[in-house]
Structure formats: structure tokens, C-alpha cells
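The values are calculated or read from the model by the stated rules, or taken from the named source; none is laboratory data. Remember, predicted model here, so these are calculated numbers, not experimental data. Here the Cβ is made from the backbone with ideal geometry for all residues, glycine too, and neighbour counts use every protein chain on show.
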Amino acid sequence: MRRAGRTRAAAGLLIGGLVLTACSGGGDQGSGGDPNAPVTLTVNVFGDNFSLPDDRSLYDEYERLHPNVKIIENRSDFGTHHQNLQARLTAGTGAADLELIEVGQVAGYVGQTDKFVNFRDQGVDTAAWTDATLARASTPDGSALIGLPTDIGGLAMCYRADLFKAAGLPTDRDEVSRLWPTWEDYVATGDRFLSKAPDKAKWFDAGGHVFTGVLGNEKETFYNANGDLIVAENPAVKAAWDLTARAIKSGQSAALPEFTPEWNTGFQQGQFATITCPAWMMGYIKSNAADTEGKWDIARIPGGSGNWGGSYVTVPSQGRNTAAAVELAKWLTAPEQAVKLFQKIGNFPSQRGTWEQPEVKDFSAPFFNNAPAGEIFPASLADAPVQVVGPQSGVIGSTFAVALNSVEQGGDPDEAWAKAMSDIEAAAGTG
Amino acid sequence: MSRTALREPSSVDRRRLAEPSDRRAVWRSRLYRWDVKGSPYAYVAPFFLLFGVFGVLPLAYTALISTTAWNTRRPGSEDVSVGLDNYSALLGDDNFWNALVNTLGIGVFATVPQLLFALGIAHLLNYKLRGRLALRMGVLVPYVTSVAAVALIFNQIFARDFGLLNWLLSPFTDAPIDWRASTAASWFAVSAMVTWHWTGYNALIYLAAMQTIPYELYESAAIDGAGKWRQFWSITIPSLRPTIIFTVIVSTVGALQLFAEPFLFDTTRNHNGGSERQFQTVVLYLYQQFWTNGRYGYGAAIAWTLFVITVVIVLINFLVVRRIRSSE
């Protein structure tokens with residue numbers, strides 16, 4: 001990037017990005033007419049949404065059932081994925097046939113319904129999902145639904161039983177759950193842990209995850225039900241910040257920003273004893289720190305409820321194979337496939353009907369000392385408030401994570417709060 | 001030129017061609033003249049065509065966007081003109097000034113050692129060495145390595161917890177250095193990456209220039225009793241002056257547009273350039289506002305401001321160079 005084209009680079013970067021991205025991706029075969037014509041469908045994801053890096057068996061199965069369909073998955077990191085999607089929607093070309101959108105981002109795309117296929121017109125049976133889950137990807141009047149829900153991020157607390165034992169804390173998951181009825185108790189337990197912790201082991205991975213966990217018990221966090229930005233005035237947000245900052249200042253954080261190489265190493269090296277653990281995190285831990293099998297266990301989340309993450313699969317209307325793409329989207333979000341993804345990766349089904357099925361209910365995670373994942377995650381969702389998400393919820397969340405990271409690096413919490421507020425104003429307010 | 005002049009129709013020919021029976025010849029000669037006059041323009045046209053499409057057009061379009069309130073969160077905002085509001089907002093934006101200071105700071109940190117190292121390396125490579133070609137190719141290896149690969153290695157070197165550099169420094173420091181936490185440390189790390197990447201490239205340019213210096217100059221200097229050091233200062237450096245000026249200008253422009261290294265050094269992918277924007281450069285800030293925050297209008301204003309700043313700095317460079325030349 002440096003030195004490329006001198007004066008042109010700065011401006012060219014903007015437009016060049018649009019042009020370049022417009023040239024990549026996208027299927028080019030098949031037509032709307034014949035349902036059996038050969039067709040290549042591209043799926044853009046930002047992680048283990050439907051597959052693991054070494055396991056694409058779900059796609060293989062679909063290709064077996066539909067010999068004319070070939071599926072190509074493209075992965076990129078969370079931020080890049082959503083930025084590219086926005087760029088390609090703006091450019092009107094280049095989007096994949098199926099695009100994943102995370103729940104914190106989806107509100108920003110609901111305002112652009114004309115750019116997506118409306119699943120309300122596609123004969124989708126939406127009975128599997130709650131109204132609240134569907135509402136997040138729908139226009140306010142409910143006439144357009146831009147995405148089908150895939151998984152949902154029920155919250156639990158994953159912990160390292162071996163580190164707990166070394167620090168003299170109980171290791172049994174029920175006893176551990178009783179240690180922290182509230183997040184205050186969780187931070188207090190952290191102090192207990194640190195007083196006897198093994199060398200270099202901290203209580204949690206990053207302040208941002210404690211912050212997210214605390215807010216998981218709230219209905220309104222960054223936006224209110226009317227869609228107004230209330231982050232600066234919301235006492236619940238400030239309380240969550242203060243509690244997290246206090247925990248950081250007492251040395252509980254390993255200060256490993258999420259999804260960085262340092263964070264991945266942290267899992268492998270046992271640099272932290274607990275992590276706010278949505279269901280999909282199970283798959284992440286498993287693929288990142290395979291050697292820690294059996295050292296982990298899963299307890300209830302402080303406060304008892306919460307939701308972090310979850311995704312929707314969309315079909316941009318610019319695609320040439322929207323009919324075939326809609327079929328694939330329907331199939332991928334059908335309860336049978338959702339159950340398989342839960343067992344294989346850990347992504348918890350958003351389809352409530354599956355929660356009572358024995359494949360889900362009785363599922364225990366071998367990697368996590370056979371913790372009854374099929375019971376723990378729905379329990380945290382049962383009383384979870386339906387959180388309001390706004391167009392920039394995702395960006396606001398990562399702004400707080402960055403600000404808490406500056407506290408972890410020794411910064412003053414009040415200054416960091418003030419900076420976060422002005423950054424949020426620029427990103428989500430009048431800016 | 002002389003060949004084409006010879007083949008121009010002479011006055012005798014012209015008189016003859018004027019006769020109606022030779023219409024075809026007239027036509028041919030006209031084509032011929034057009035060919036001579038027009039073809040140079042036709043040959044350079046592809047460049048200007050491409051430059052127009054990929055250079056001028058984006059530049060103009062960016063200027064246009066920068067006067068709108070375009071924001072992905074507000075459908076229809078692309079048609080709302082705000083005049084120069086984005087620019088006035090930018091002047092009052094602390095984060096922009098912070099990014100500008102970072103850019104200039106990292107620019108100095110990266111460019112000065114880079115050019116000094118390059119000069120030294122080029123001087124050494126100019127000696128008659130065994131395996132000279134291999135060595136010369138060798139200094140270019142960091143340059144041909146992709147920045148992403150360089151960043152991958154440097155991120156390991158500058159990692160806080162299990163980093164190579166902290167391991168080497170551990171006997172001398174109380175606690176491992178968090179290279180992304182402080183401004184100075186992060187500037188050092190990013191500058192190291194830039195220096196690593198570009199030193200070989202500049203060394204090769206210097207080497208090429210050094211080889212044009214007549215050997216007799218060194219010989220007669222040696223006869224006059226000048227040592228190696230004196231020869232370097234009194235012959236090599238003055239002869240390289242135009243080349244040094246060229247590399248300074250190119251490096252300055254490059255430094256102002258520094259993006260890939262800080263982008264990759266910020267492993268959180270928030271494009272914040274550190275938790276408190278410790279190493280966020282102007283282009284990285286532009287990228288964050290444009291992509292992460294969806295502020296197309298504001299991002300375009302940053303791009304144009306950077307463009308103007310770059311032009312101004314290059315002009316200053318140019319004037320300084322001219323003054324040096326005229327004082328010689």
C-alpha cells in the first residue's frame with residue numbers, strides 16, 4: 001500500500017477498494033429458470049458458522065443431495081467480512097450468494113432491505129424461531145425479513161478446572177456456579193483466585209468480555225427500544241464499565257484482546273482461568289487449544305442469563321442465483337442442520353423447538369469434561385432479556401473493548417470512558 | 001528526427017502531387033503527416049487514459065463525496081450536500097491531529113535510519129566482494145517479501161507475552177514491554193518494520209548511482225592522500241546528491257501514506273492503531289472512519305486533506321532542493 005501510486009493512493013484507496021472488491025467473488029453460472037442447471041454458490045462467513053477449518057461436511061451433504069450445486073465458502077475475519085459486505089452492497093456487485101451477518105451488525109443492514117432477498121416472499125416456515133429473534137432481522141412493520149437466524153449465543157462461564165484447583169477454589173461445576181450468583185461475586189472470586197493463583201495466570205482474558213457478560217443481563221444497553229442512542233446516559237452501561245475497570249485495576253485481566261494471536265496463545269498457555277463463554281466459544285477453544293482438552297469445564301453465567309453473538313444468513317438480491325441460494329439458506333437453517341452444527345462446533349441452535357430434542361438436551365461436551373452443554377446454554381437463554389440492538393451495536397461494543405484495553409495497559413478509567421464516549425458519538429451519533 | 005525529415009515530401013513532389021491524377025498520393029502523404037505528428041500522442045495516450053480512469057476520476061469522485069453527508073447508516077445521505085462541513089469538522093478533530101503527529105513521527109523514525117542504512121549498505125556492496133551478485137540480490141529480499149509476511153514475523157518479535165525481543169531483553173528489564181501500549185514503543189516497532197522492508201530497495205538505488213561515479217576520482221583522491229572515509233564524504237556523497245534527494249522525496253511521500261504496517265501491527269483489527277491510537281496513522285484513521293464507521297463523506301475529506309498535505313510537503317521539498325542546487 002505504501003508508495004503505491006503516490007498521490008493517487010489516498011483517494012484511490014477509497015474507490016479502488018470498491019472496484020477491487022467488486023471484481024471478486026460471486027457465482028457466475030446457472031440461471032433462474034432451470035432448477036437443475038449446474039450452479040456454484042458462494043458463502044461468505046466470518047468464522048466457524050457452518051464449518052470448521054478442516055470439516056465442511058455440511059456443505060458436502062448438501063452437494064450430495066443436490067448434485068448440480070457446488071458450494072464455495074470464503075472466510076475472513078469479523079471486521080473485514082462486514083466491511084466488505086457493506087462495500088459490495090454499496091457497489092451493487094461482488095457480494096457472495098449467501099452472506100452471514102452477526103447479530104450486533106444486522107440492524108445496520110435492515111435499513112437496506114432493497115439490497116436483500118425478502119424471506120417473507122420465499123415461503124419460509126419461520127415458526128421455528130421466536131418473534132424477537134426474527135424481529136432483529138426484520139423491518140419494524142415486519143413485512144421484510146432479510147436473514148434467517150442460524151445460531152444464538154447463550155452465555156455460560158468456561159473455566160479451567162486445573163487452575164481453580166491450584167488456587168484452592170472448588171472445581172465441581174455446580175459448586176463453581178454457586179461462587180458467582182452475580183457479577184460482583186464473580187469479581188470478588190477473582191480476587192480470591194489471584195491471592196493463590198499459579199504464576200502468570202489471571203482471572204479473565206480481557207475486560208471487554210466481562211463488560212459484555214455483565215450487560216447480557218440488560219434489556220437496553222446501547223440503544224433503547226425506540227432506536228435512540230442512550231449509551232452515555234444508561235446507568236447500566238456505566239455500572240458495567242465501573243465493575244470491569246475495578247477488576248482490571250485489581251490485576252484480574254490477562255489483557256489479551258479478543259481474536260488476536262496473543263489471545264489464541266493465552267488459551268494454549270493457560271493465561272486466564274475463566275472466559276465469558278457463548279456457545280460458539282466452545283468450538284473456538286477446541287480448535288485453538290486442542291491440548292487443553294479435559295482441563296476446561298462450564299459453569300453458569302453470573303447473573304444467570306445473557307446472549308452474545310449469533311448470526312443470520314442473508315441472500316443479497318444482486319446475486320444471479322438467488323433462487324438456489326434461498327434454498328441453501330433454508331436448508332442450512334433447518335432444525336436438523338442446526339442440531340448437527342451444535343454437536344460438531346458448539347453453535348447453539350436459534351430454533352427453539354430443537355432445545356427439547358434429546359440430541360441437544362442430553363448433549364454433553366467431551367472437550368469440557370462432559371459438561372451438560374445442552375442444559376447450560378438454554379438455561380441462560382430462558383430468562384435472558386431480549387436485547388435491543390441498533391445499527392452500530394457491534395462498533396460500540398468493540399469501542400468499549402478497545403477502551404478497556406487501554407485501561408489494561410495502565411490508562412486512567414475516567415479518561416478512557418470519556419474517549420470511548422466521543423468515539424461512539426463519531427461512529428454512531430451525529431458523525 | 002532526421003530520418004523522418006528526409007522522407008518528408010520535397011517541394012518538387014508537392015507540385016507533382018497537386019495534380020488531380022495523384023489524389024491517392026495526396027491522401028497518403030496527409031496520412032503520413034498525421035502519423036508523424038499524431039502517433040507520439042497516441043503512444044502515450046494509454047497511460048493518460050488509465051491515469052484518468054484510475055487516478056483523476058477517483059480523485060474527483062472522492063472530492064465530490066467529501067462534500068456530502070454520506071453515511072452507510074443513513075440511507076439517502078449520499079445526496080445531502082454539506083459543503084465544506086466535513087473539512088471544518090476535521091480541523092477540530094483531535095483524533096485526526098493525533099494521526100497526523102503519529103504519521104510524521106513514524107515517518108521520521110522510519111525514513112532517517114532507513115536512508116542512512118541504505119547508504120552504508122550500498123557503499124559496502126560497491127566494494128569488490130566475493131559473491132557480490134548474491135549479496136546484492138540478498139539486500140532486496142526484504143523488499144520483495146510481502147508486507148503481510150513481514151508483519152507476521154514482526155508481530156511475533158514484538159509480542160508482549162512470548163515475544164522474541166522481550167525474551168532477549170528480559171535480563172535488562174523488570175517487566176516485559178508491551179510494545180503496543182506506549183506511543184514510543186509502538187512507533188519504534190512500526191518504524192522497524194518499515195525500515196526492514198525498504199532499506200534494501202533504497203540501497204539498490206544508491207548502489208546504481210555509485211556505480212556511475214568515475215573510478216578515476218577515487219584514484220586521484222587516493223594519490224592525494226585521502227582515506228576511505230574522506231573519499232566517501234568528499235566524492236561519494238556529493239555525487240549521490242540528486243539520488244539522495246530523489247529517495248528522500250519518495251520516502252517522504254511513502255511515509256505520509258503509511259498504512260499496511262500499522263494496519264497489520266494492530267492485531268485487534270479494530271483499525272484503532274492501539275488502544276489509545278498510539279500508532280494510528282492518517283490513512284489508518286481514514287480507513288477506520290470510512291469502513292468501520294461507514295462515514296464515507298468524512299473519510300473522503302480525510303483523504304483529500306492528506307492529498308493536499310502531501311502536495312504541500314512535496315512542494316517544500318522541491319523548493320529546498322532548488323535552493324540547494326542554485327547555491328552550488
Does A:ALA401 satisfy the criteria of being closer than 19 Å to A:ALA156 by Cβ, in contact (Cβ under 8 Å) with a residue 60 or more places away in the chain, not acidic (Asp, Glu) and not assigned by TED's automatic domain parsing to the domain that holds A:GLN112? no
Only residues that are buried (at least 21 other Cβ atoms within 10 Å of the Cβ) and either closer than 16 Å to B:ILE302 by Cα or out of contact with any Phe, Trp or Tyr (no Cβ under 6 Å at 6 or more places or on another chain) (or both): list them for segment B:255-269, please. B:ALA255, B:LEU256, B:GLN257, B:LEU258, B:PHE259, B:ALA260, B:GLU261, B:PHE263, B:PHE265, B:ASP266, B:THR268
On the given criteria, is B:ALA60 assigned by TED's automatic domain parsing to the domain that holds B:VAL282, in a helix (DSSP H, G or I), aliphatic (A, V, I, L, M) and under 22 Å from B:LEU256 (Cα atoms)? no
Of the listed residues (A:ALA420, A:ALA416, A:ALA403, A:ALA428), the one being within 14 Å of chain B (Cβ to nearest Cβ) and in contact with a Leu (Cβ under 6 Å, 6 or more places away or on another chain) is A:ALA428
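For the structure I just gave you, tell me whether B:ASN317 is touching a residue at least 60 places away in the same chain (Cβ under 8 Å) and more than 21 Å from B:ALA184 (Cβ to Cβ). Before the answer, list the steps.
Values: touching a residue at least 60 places away in the same chain (Cβ under 8 Å): yes; more than 21 Å from B:ALA184 (Cβ to Cβ): yes.
Considered against the rule, which asks whether it is touching a residue at least 60 places away in the same chain (Cβ under 8 Å) and more than 21 Å from B:ALA184 (Cβ to Cβ), B:ASN317 comes out as yes.
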Scan (1) surrounded by fewer than 21 Cβ atoms within 10 Å (Cβ to Cβ); (2) of a type outside the set (A, V, I, L, M); (3) in contact with an Asp or Glu (Cβ under 8 Å, 6 or more places away or on another chain); (4) at pLDDT below 95 for the single condition A:ASN369 breaks and write down its number. (4)
Going through segment B:110-137 one residue at a time, which ones are of a type outside the set (Val, Ile, Thr) and either in contact (Cβ under 8 Å) with a residue 24 or more places away in the chain or crowded, with 19+ Cβ neighbours inside 10 Å (or both)? B:ALA110, B:PRO113, B:GLN114, B:LEU115, B:PHE117, B:ALA118, B:LEU119, B:ALA122, B:HIS123, B:LEU125, B:ASN126, B:ARG136
State whether the residues of segment B:119-139 include one that is within 19 Å of B:ALA255 (Cα to Cα), assigned by TED's automatic domain parsing to the domain that holds B:ALA209 and not in a helix (DSSP H, G or I). no
Is it the case that A:LYS196 is surrounded by fewer than 19 Cβ atoms within 10 Å (Cβ to Cβ), on the phi > 0 side of the Ramachandran plot and assigned by TED's automatic domain parsing to the domain that holds A:GLN387? no
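Return a yes/no flag: does segment A:375-396 have any residue that is of a type in the set (Ser, Thr, Tyr), over 23 Å from A:TYR159 (Cβ atoms), in contact (Cβ under 8 Å) with a residue 12 or more places away in the chain and in the same structural domain as A:LEU229 (by TED's automatic domain parsing). Working first, answer last.
Step one: list which residues in segment A:375-396 are of a type in the set (Ser, Thr, Tyr), which gives A:380, A:393.
Then drop every residue that is not over 23 Å from A:TYR159 (Cβ atoms), which leaves A:393.
Next, from what is left, pick out any that are in contact (Cβ under 8 Å) with a residue 12 or more places away in the chain: A:393.
This time we only want the ones that are in the same structural domain as A:LEU229 (by TED's automatic domain parsing), so: A:393.
Taking every residue of segment A:375-396 in turn, at least one turns out to be of a type in the set (Ser, Thr, Tyr), over 23 Å from A:TYR159 (Cβ atoms), in contact (Cβ under 8 Å) with a residue 12 or more places away in the chain and in the same structural domain as A:LEU229 (by TED's automatic domain parsing).
Condition test on B:ILE316, is it assigned to a helix (DSSP H, G or I), more than 11 Å from every other protein chain (Cβ to nearest Cβ) and out of contact with any strand residue (DSSP E or B) (no Cβ under 8 Å at 6 or more places or on another chain)?
Numbers: assigned to a helix (DSSP H, G or I): yes; more than 11 Å from every other protein chain (Cβ to nearest Cβ): yes; out of contact with any strand residue (DSSP E or B) (no Cβ under 8 Å at 6 or more places or on another chain): yes.
So B:ILE316 passes the test.
Which residue out of A:THR90, A:THR126 is within 13 Å of chain B (Cβ to nearest Cβ), touching a Leu at 6+ places or on another chain (Cβ under 8 Å) and surrounded by fewer than 24 Cβ atoms within 10 Å (Cβ to Cβ)? Give the steps one after another, and end with the answer.
On the way: A:THR126 fails: within 13 Å of chain B (Cβ to nearest Cβ).
None of the others qualify; the one that does is A:THR90.
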Pick out the one residue from B:SER251, B:SER239 that is among the hydroxyl-bearing types (Ser, Thr, Tyr), at the interface with chain A (Cβ under 9 Å from one of its Cβ atoms) and touching a residue at least 24 places away in the same chain (Cβ under 8 Å). B:SER251
Condition test on A:LEU381, is it more than 11 Å from every other protein chain (Cβ to nearest Cβ), crowded, with 20+ Cβ neighbours inside 10 Å, touching a Phe, Trp or Tyr at 6+ places or on another chain (Cβ under 9 Å) and in a helix (DSSP H, G or I)? yes
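Return the residues of segment A:225-239 that are within 17 Å of A:THR139 (Cα to Cα) and either β-branched (Val, Ile, Thr) or buried (at least 16 other Cβ atoms within 10 Å of the Cβ) (or both); say none if nothing qualifies. Reasoning before the result, please.
Taking segment A:225-239 and keeping what is within 17 Å of A:THR139 (Cα to Cα), we get A:225-228.
Hits for segment A:225-239: nothing passes.
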How many residues does segment B:285-307 contain that are of a type in the set (A, V, I, L, M) and more than 10 Å from chain A (Cβ to nearest Cβ)? 1
What's the number of the only condition in (1) assigned by TED's automatic domain parsing to the domain that holds B:TRP187; (2) touching a Gly at 6+ places or on another chain (Cβ under 7 Å) that B:PHE54 fails to meet? (1)
More than 24 Å from the chain's Cα centre (by Cα), at pLDDT 95 or above and at positive phi: which single residue out of A:GLY123, A:GLY168, A:GLY190 fits that description? A:GLY168
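Could you check, for segment A:310-317, whether at least one of its residues is touching a strand residue (DSSP E or B) at 6+ places or on another chain (Cβ under 7 Å), assigned to a loop (DSSP other than H, G, I, E, B), away from chain B (no Cβ under 14 Å) and buried (at least 23 other Cβ atoms within 10 Å of the Cβ)? Outline the logic, then answer.
Pass one, segment A:310-317, residues touching a strand residue (DSSP E or B) at 6+ places or on another chain (Cβ under 7 Å): A:310-317.
Cutting the leftovers down to assigned to a loop (DSSP other than H, G, I, E, B) gives us A:315, A:317.
Filter once more, so that each one left must be away from chain B (no Cβ under 14 Å): A:315, A:317.
Filter again for buried (at least 23 other Cβ atoms within 10 Å of the Cβ), leaving A:315.
Yes; the residues of segment A:310-317 include at least one that is touching a strand residue (DSSP E or B) at 6+ places or on another chain (Cβ under 7 Å), assigned to a loop (DSSP other than H, G, I, E, B), away from chain B (no Cβ under 14 Å) and buried (at least 23 other Cβ atoms within 10 Å of the Cβ).
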Return yes when B:SER77 is modelled with pLDDT under 90, within 24 Å of B:THR292 (Cβ to Cβ), surrounded by 13 or more Cβ atoms within 10 Å (Cβ to Cβ) and small (Gly, Ala, Ser) and no when it is not. yes
If you go through A:ASP77, A:ASP60, A:ASP48, A:ASP55, the only one that is under 25 Å from A:GLY346 (Cβ atoms), within 13 Å of chain B (Cβ to nearest Cβ) and under 25 Å from the mean Cα position of the chain (by Cα) is A:ASP77
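Looking only at segment B:161-184, how many residues end up being within 31 Å of the chain's Cα centre (by Cα) and part of a loop (DSSP other than H, G, I, E, B)?
Going residue by residue through segment B:161-184, those that are within 31 Å of the chain's Cα centre (by Cα) are B:163-165, B:178-184.
Among the residues that remain, those that are also part of a loop (DSSP other than H, G, I, E, B) are: B:163, B:178-182.
Summing the residues that are within 31 Å of the chain's Cα centre (by Cα) and part of a loop (DSSP other than H, G, I, E, B) in segment B:161-184 gives 6.
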Hey, any hits in segment A:233-251 for a residue that's within 16 Å of A:LEU163 (Cα to Cα) and either within 14 Å of another protein chain (Cβ to nearest Cβ) or touching a strand residue (DSSP E or B) at 6+ places or on another chain (Cβ under 9 Å) (or both)? no
From the option list B:TRP196, B:TRP179, B:TRP187, single residue qualifying as under 21 Å from B:LEU116 (Cα atoms) and free of Cβ contacts under 8 Å to residues at least 60 places away in the same chain is B:TRP196
Considering only residues that are of a type in the set (A, V, I, L, M) and touching a residue at least 12 places away in the same chain (Cβ under 8 Å), look in segment B:33-63 and name the one that is nearest to the other protein chains (Cβ to nearest Cβ). B:LEU59
Condition (residue is surrounded by fewer than 16 Cβ atoms within 10 Å (Cβ to Cβ), aliphatic (A, V, I, L, M) and assigned to a helix (DSSP H, G or I)) applied to segment B:222-234: is it met by at least one residue? yes
